[in-house]
Each structure stands twice: as structure tokens, then as C-alpha cells.
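Taking it in order: structure first as C-alpha cells, then the write-up.
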Amino acid sequence: MDLNIFGNILDILTALFLTAGCFLGISGGIGLYRLPDFFTRQHASGITDSACSFAILFALMLQSGFTMVTIKLFFILIFLIITSTTATHALAKTALFKGQKPLLGREDNH
Amino acid sequence: MSWVGHYNYWVAIFLMMSGFYVVISRGNLIKKLIGLNVFSTSVFLLYISMGKIFGGTAPIINEHSQKFQLFSNPIPHVLILTAIVVGVATTAVGLALTVRINERYGTIEEDEIRAKDDSL
Amino acid sequence: MESVVDIVLLSFLCITVVAIVYIRKLFCAIMLLGIFSLLSASLFVTMDAVDVAFTEAAVGTGISSILLLSALALTHTREQRPPHQPYIALLVVVVTGAVLIYGTMDLPRFGDPNSPIHRHVAVRYIADSPHEVGPPNIVTSVLASYRGYDTLGETVVIFTAGIALVGLLGFRRRQEFKVRLYQPMDKKTSYAENSTEDGDEFEDNIKLPGANHMVLRIVGKMFIPLILLFALYVQFHGDYGPGGGFQAGVIFASGIILYALIFDVETAMRVITPKGLRLLAVAGVFIYGGVGLVCMFLGGNFLDYNVLSAHPLHGQHLGIFLIELGVGINVFAIMVIMFYTFANRKRGSV
């Protein structure tokens, strides 16, 4: 019985994380489409890259239990967190150096 | 889900024909190669669709797959696995030719190349 | 449920391909092609073709995009002409498509277990592979053992493509580039200079790719060994799970290409020299063919691994291990050679 309750809690947590992940993914997609300049779009895609994938992978880890799959998912999680943030950083830096200026900080934007 | 029927094949054919359209209607050589890549990927899709069995699983026999009695057909997988790598090799040769053409003619647009050929 | 995922992914594929047809910027078209490959890789997973999905993800989104982009850097980034004779082309395409769709009417339904393709040799492969060849992954056993001839042929095709590429583009060095790069860089001063966010200062350093990306360099240094290690895992675990020589070779090559992109092509060429790569490419094909010949000398047929050891299953295991190694080495070497030849080419006409 105890085990069953524990399983239910896990299921509910999984559902919560999956929903959060889906929400973040969709909002990131909308942001990518709607936001005005490169840097704000980067912000949207950065959310999809890190927070959304984190939520979804965490939900999957809750479901897989103590197996080899969980360890693999954990490695994917670490890999994604580090590489996607690095990619976002590198892109933004390159864009800045190549002359893209953020739209919001501009003087003539008022 | 019987209405799915041939949906996979039809989409594969649509993708194939889109790639084909790019190949024959565009003059830019790199765009042609992109179209060719789309074409080949959709052929892969057609082959893999044929190997799928509903209720089956990946053809790997181990302790996890003992409860499955059905395995998807491994033969299309083998054919396509090698075809993908061969595909990228041929794309690379095409790109190398494109780069050489650009060095010789200064353009990768088909009609400009033809015009320069005629003027020689 | 399977069908829903299938249909959603197929719709995404259609949208992507329409965008590819319409877009005129070649850079965007290449990025969309990468997305197209990734989507089709996901579709392959839903259709149980895990090995194929693995290869498509590594090749289609990785190597193929890199090669297209490096060719683009040597040519023009935009289509200059509208499509010529679009209506005739459209007519040809629509008629061909209609004929093909008419042809699919005779095909068995998608996912039907009773269709002829599943009633032929596949049954024998699935039933007999565990005690005839051994590896749990049937794809590996068909690829390396039952259909070893085909795979040898494909390995040779890749090798030939590599030769063609070297013949067309060669390993010509960029002279002025080399001189500048061989100047040893004083780490403290140059990084300090690079970190100033002054536009003019940056212009001087732009020729050193990655010099301004400290984060990228450090993360690259952290992850490239892991990528290479993962490639080795894929290579040697291919008998038991998805993976094998083709995928491992591509992943190993992408690790090296990442190194070349972050640090410098010249630096990478000093670590993995073109000469060494050419030797490796030959060695890969040689190992594959050599295993076949050894089988013949031991009294079996060409690529009949049973004779390699006293026990047929052990012989099969050894044979598959060796030829997968040959494939992996060959694919790795050719992929890196392809990247080097493009990256080392000077822009403009000769």
C-alpha cells in the first residue's frame, strides 16, 4: 500500500514536470517566433534548451526508476545543460561582435 | 487505425517530389544538392516505413525484448544505414565539384555557367 | 498513439520541406535541411529503426550540414535566380508523384505484419541469427555477417568518394594563414586583449577562430574527449545495442571536426595529419578485405567468419568485431578528410 502511494506521488510529479516542460517548450517556440530581435529570441530558445529539456528529462528519470536508463538520462541532462548554455553564449557573443545590437538598449527605439 | 493505411508512403512521395522539384527547377548548384538530400532522405523514409510492424519492437534480442514476439524487419534498416553514409559521401563529391566550378566560372548559377560556356 | 506521433512528425517534415523549397537564402536552407534530418531521425525511432535513426542524426544533422556550410563559405550564400521554367517542372513533378501514389495502392498497409517483405528472409534472420551469428542486435549481424559483401562494397564507395574529394580539392595549404598561426600566442596578453569588447580590436583577432570564445574553448576541451569516448563505446557496443562502425566513425570524426572548428583547422591538422588520415582510410578497407581473405586462406568462403576460431560463434564474433573496426576507421578517416579538404580551400577563383 505504501509503495502504491509512493508510485502515485511519482506519477503526479512526472505529470507536473512533463506539463511544465511542454509549457516551457511551447512558450519558447512562441517567443522564438514573436520576439523582435536576435537577443530576445536567444532568450526564448535558451529557455527551451535548458529549462524545458531539464523538466522533461527529469520527468523521464522519475519514471525509469533505479536502472541503467536513469543514469544515461542523467548524463544526457548534464550534457544538454552545459552544451546548450555554451551554444547560446557563443551565438550571442558572435552576434554582438558582428555588429548586431540589442534592439531594446537602442537610443532611437523610443 | 486503418485509415493511416498508406499515409506514410504518400508523405514520403510528397517529400520526394518536393526534393525532385528543387533539383529540376532551381539553377543554383548548392540548392540542387540540398534538394537531392531531401529526395534521398525521403527514400530512406519509404524504406523504413515498409519495415515497420505495428506492435513490434527494434530488432535487438536481449532480456528486455523477450516479452515482444514481433520484431521490425531488419533488412531495410541495414540497407538504409549504409545508404545514409554513402549519401553523405556522394554529397561531398557533389559539393567539391560545385566548389571547383565556382573557382573556374566565378558562379554556381546554372544559366550563367551555360552562358560562359557558349561565349567561349 | 504510435500513429499520432507518426502523423505529427510527418506533418512537421512536410512544413520543413515546403520552407526549403521556398527559401532563397542558402544558409537557411541548409539549417532547415538539418532540421529535416533530425525530424526524420525521430520518425525512424518511432518506426523501430534505432540504428538508422542514430546514423541519420549523426550524419544528416552533423557532418552533412558542416560539409554544406563549408562549401557555402567557398561560394555564394544566396540563390541569385528565380526558379527557371517552374511550371514545366511542377507538371513533371505532379505527374510523377501521381503515378507513384497510384503505385502505392498495391502496397500492403503500413505496419501490416503479413506483408510479403516480412515473410521472406527476414524471418530466417530473426529466428536463426542468435545461434548462427550471435550478436543480440540483428541489424549488426545482418550488416556484418549475412550481408558482409554489401557492406564491403559500401565501405569501398566511401573510400572512393574520399579519393575523389582529395583529387578535386586537394590538401592545399593557405600560406599566409599558416605563417600567422604558427606564431606562438602569449596566452595572458592575447586573451586579455581579446576580452576587451572593442570592435576594432576584435577585427585584428577575427582571423583566429575561437580566440574570442573562452567559454567555448573550455567547454570544448571538456567535451571533446567525452565525445571520442562515446564514439568508442558506440563502436564496441554495437553488437549489443544500436551502434556500430558507421555511427562510431561519424561521431569520432565529428569530435575532431569540433576541435578544428573551435581551435583551428591548422592546429587540428597538426594533431591528426592528412597523411595519417590517408593511411587510416586505406587501413580500414584493408582490414575489412583482409578479414575476408584470411577466411579464404583458412578454408572458408570469402567473409565466412566461422573458420576464424575453433567455435563458429567465436569466429563470427571475432570477424564482426574486426570488420566493424575496419568500417569505423575508414568512415572516420574519410569524414575528416572531407572536412579538411573543404576547410583548407581558399575562397575565390584560381
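For region C:1-119, the spread of Cα coordinates along the three principal axes comes to 51, 36, 24 Å, biggest extent given first.
Is there a quick way to get the dipole size of region A:2-100? I mean about its Cα centre, with the Cβ of Lys and Arg at +1 and of Asp and Glu at -1; what is the value in debye to the nearest 20?
Numbers: 5 positive and 4 negative charges, 92 e Å.
For this selection, approximately 440 debye.
In angstrom, the C-alpha Rg and Dmax of the protein assembly as shown are 25.3, 88. Neighbour counts of C-beta atoms inside 10 Å place C:Leu169, A:Leu62, C:Leu100 in the sequence C:Leu100, A:Leu62, C:Leu169, starting with the fewest. Per-residue mean of foreign Cβ neighbours for C:241-247 is 2 (Cβ atoms of other chains, 10 Å radius).
For chain C, treating each Cα as an identical point scatterer without solvent, what Debye log10 I(q)/I(0) comes out at q = 0.12 1/Å? Each listed q corresponds, in turn, to -1.09. When the charge dipole of region C:1-119 is built from unit charges on Cβ atoms (+1 for Lys and Arg, -1 for Asp and Glu) and taken about the Cα centre, the candidate among C:Ile7, C:Phe36, C:Gln80 whose Cα reaches farthest toward its positive end is C:Gln80.
Would you mind giving the mean number of other chain beta-carbons within 10 Å of the Cβ of each residue in C:93-100, as a whole number?
Working: counts 10, 2, 1, 5, 8, 2, 1, 8.
Across the residues of C:93-100, the mean count of other-chain Cβ atoms within 10 Å is 5.
Long hydrophobic helices in chain A, taken as whole DSSP H segments with a C-alpha length of 24 Å or more on their own axis and mean Kyte-Doolittle hydropathy at least -1.0: A:2-34, A:68-97.
Would you tally the net charge around B:Phe20, using a Cβ to Cβ cut-off of less than 12 Å, leaving B:Phe20 out, and scoring K and R as +1, D and E as -1? Write out the running numbers ahead of the final one.
Numbers: positive: B:Arg26, B:Lys32; negative: none.
For residues surrounding B:Phe20, the net value is +2.
Could you give the size of the charge dipole of the protein assembly as shown about its Cα centre, using +1 on the Cβ of each K and R and -1 on the Cβ of each D and E, expressed in debye and rounded to the nearest 20? Show your work: numbers first, answer last.
Working: 40 positive and 40 negative charges, 259 e Å.
Dipole about the Cα centre, nearest 20: 1240 debye.
Which net charge results when you count Lys and Arg as +1 and Asp and Glu as -1 among the other residues whose beta-carbon is under 12 Å from that of B:Glu109? Residues close to B:Glu109 contribute a combined charge of +3. Scanning chain C for chymotrypsin sites (Phe, Trp or Tyr not before Pro) in DSSP loops with at most 16 neighbouring Cβ atoms within 10 Å leaves C:1-170 as the longest stretch between them. For chain B, hydrophobic long helices are taken as DSSP H runs at least 30 Å long by C-alpha position along their axis with mean Kyte-Doolittle hydropathy of -0.5 or more; these are B:29-51, B:74-105.
Report, as an integer, the average count of C-beta atoms from other chains found within 10 Å of each Cβ along C:327-339.
Numbers: counts 2, 0, 0, 1, 3, 0, 0, 4, 4, 0, 1, 7, 1.
Mean inter-chain Cβ contacts per residue within 10 Å come to 2.
If you build the convex hull over the alpha carbons only and average its shadow over all orientations, what do you get for chain A? Give it in nm² to one decimal.
Values: hull surface 34.0 nm².
Computed as one quarter of the Cα hull surface, the answer is 8.5 nm².
Overall dimensions of region B:2-119, expressed as equivalent-ellipsoid semi-axes from the Cα gyration tensor (√(5λ), whole Å, largest first), are 41, 17, 7.
Using +1 on the beta carbon of Lys and Arg, -1 on that of Asp and Glu, and nothing else charged, what's the dipole of chain C about the Cα centre, debye to 20?
Numbers: 24 positive and 26 negative charges, 243 e Å.
The dipole magnitude comes to about 1160 debye.
Note on region B:34-119: dipole from Cβ charges, positive end direction compared against B:Gly87, B:Phe44, B:Leu97; the farthest Cα belongs to B:Phe44.
No lab work stands behind these numbers, since they all come straight from the coordinates. Predicted, not measured: the structure shown is a model, and the values here were computed from it. Glycine also receives a Cβ, built like all others from the backbone with ideal geometry; neighbour counts cover every protein chain displayed.
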